[in-house]
Amino acid sequence: MRDELSEEQIRSYRRDGFLVIDDFLDADTVGRLRTVLSEAVVGRGGARLPGEGRRSAAATGAGSDDRRRLLDALGKHRSKALKVLSQHVNLWQDDERVRRFCLDPRLGRLACRLAGIGGVRIWHDQTMVKPAWGAPTGWHTDTPVFSFTHPGASTFWFALGDADLRNGCLHYLPGSHHDRVEVKGDLRRLDGLRLLNPAWEHAEPTPCPVRKGALIVHSGDTAHAAGANMTPFARSAFTISWQPEGAEFNGTANILPEEILATLRPGDPLDFDEWNPLVYRK
């Protein structure tokens, strides 16, 4: 894990709102992570969120051929349906191996150094699989859908395979995090920059093709999108979004379960150690 940062990398992130770190994970680590995530997805049984109609592969009577297909969910399978992304959220709550990766304090320290904050909690993890022939992901920012609003929010995007212009690599609008938007992006529209901010209509985004093992960090306020997957193979990634320590509930439910939402009012701290534990503090 290449978790040390130069001052130039920190300046670049704060200027542009995103940072590419090549070879953040070595090939062996990526291979293990893919296997662990695939098995966690199988264990989840297709549910997007923890406890959401969970059925294990064993419970569904899946045979060995079915299991192999499920275990390939993060990789090379063909897809018949036109879809933007296949997502499973908070796998760290289901699988101890995913938990160890997501709650690694080195990741939290990296998020803190880039954003200039004192501590972070995990907000959620998420598989981000753009299927074969998958549709584009329209322009959006992350902050409007989070249950908190904080300039130090960020997302780590780990490339589990090569991502390029053919299979839907990420594109960013440099500096867009300096003009925070409160509207939610329409993921069906690639002309959505002007919907987020009319001043961005003629802006020129930066594509970020990366090799397997790269990490891309972006601010929760940075506008980003991804092209279509014009290949017969899935494009696989894994993300972790970070909540700065001390962030407060803004009234948006997002991924919070009903039992927690029932206890919250806008302005309350989001410090539920079982749901969003502290990962790093200076």
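Within the range 158-169, the set of residues being over 24 Å from Arg194 (Cα atoms) and open to solvent by less than 10 Å² (accessible area, probe 1.4 Å) comprises Phe158, Ala159, Leu160, Ala163. Can you find a residue that is closer than 17 Å to Lys130 by Cα, open to solvent by 20 Å² or more (accessible area, probe 1.4 Å) and not acidic (Asp, Glu) anywhere in the range 170-180? Checked against the condition, which is being closer than 17 Å to Lys130 by Cα, open to solvent by 20 Å² or more (accessible area, probe 1.4 Å) and not acidic (Asp, Glu), the range 170-180 yields at least one hit. For the range 236-282, taking the residues that are within 30 Å of Asn167 (Cβ to Cβ) and assigned to a loop (DSSP other than H, G, I, E, B), the one that is most open to solvent (accessible area, probe 1.4 Å) is identified as Asn254.
Are any residues in the range 6-18 out of contact with any Leu (no Cβ under 7 Å at 6 or more places or on another chain), in contact (Cβ under 8 Å) with a residue 24 or more places away in the chain and either surrounded by fewer than 16 Cβ atoms within 10 Å (Cβ to Cβ) or not in a loop (DSSP other than H, G, I, E, B) (or both), and if so, which ones? Residues satisfying the conditions are Arg14, Arg15, Asp16, Phe18. The residues of the range 19-37 that are crowded, with 20+ Cβ neighbours inside 10 Å, farther than 11 Å from Ala214 by Cβ and of a type outside the set (Lys, Arg) amount to a single one, Leu37.
Note on the range 88-112: residues that are closer than 11 Å to Tyr280 by Cα and open to solvent by 10 Å² or more (accessible area, probe 1.4 Å) total 5. Within the range 185-220, being open to solvent by less than 10 Å² (accessible area, probe 1.4 Å), touching a helix residue (DSSP H, G or I) at 6+ places or on another chain (Cβ under 7 Å) and not hydroxyl-bearing (Ser, Thr, Tyr) holds for Gly213, Val217, Gly220. Restrict the check to the range 141-150 and report whether at least one residue is open to solvent by less than 30 Å² (accessible area, probe 1.4 Å) and over 26 Å from Gly192 (Cβ atoms). Checking the range 141-150: not a single residue is open to solvent by less than 30 Å² (accessible area, probe 1.4 Å) and over 26 Å from Gly192 (Cβ atoms). Here Thr143 meets each of (1) under 24 Å from Pro257 (Cα atoms); (2) more than 17 Å from the chain's Cα centre (by Cα); (3) among the polar types (S, T, N, Q) with one exception, condition (2).
Could you list, in sequence order, all residues of the range 218-235 that are over 11 Å from the mean Cα position of the chain (by Cα) and assigned to a strand (DSSP E or B)? Answer for the range 218-235, where residues must be over 11 Å from the mean Cα position of the chain (by Cα) and assigned to a strand (DSSP E or B): Ser219, His224, Ala225, Ala226, Arg235. Total residues in the range 224-236 satisfying the condition of being closer than 28 Å to Asn197 by Cα and out of contact with any Gly (no Cβ under 8 Å at 6 or more places or on another chain): the figure is 1.
Of all residues in the range 28-51, those that are assigned to a helix (DSSP H, G or I), out of contact with any Ser or Thr (no Cβ under 7 Å at 6 or more places or on another chain) and either free of Cβ contacts under 8 Å to residues at least 40 places away in the same chain or among the small types (Gly, Ala, Ser) (or both) total 7.
The values are calculated or read from the model by the stated rules, or taken from the named source; none is laboratory data. None of the values given here were measured: they were computed from a predicted structure. For neighbour counting, all protein chains shown are included, and Cβ atoms are generated from backbone atoms with ideal geometry for every residue, glycine included. These area figures cover heavy atoms from the full protein model, side chains too; ligands, DNA and RNA do not enter into them. Shrake-Rupley method; radii C 1.70, N 1.55, O 1.52, S 1.80 Å.
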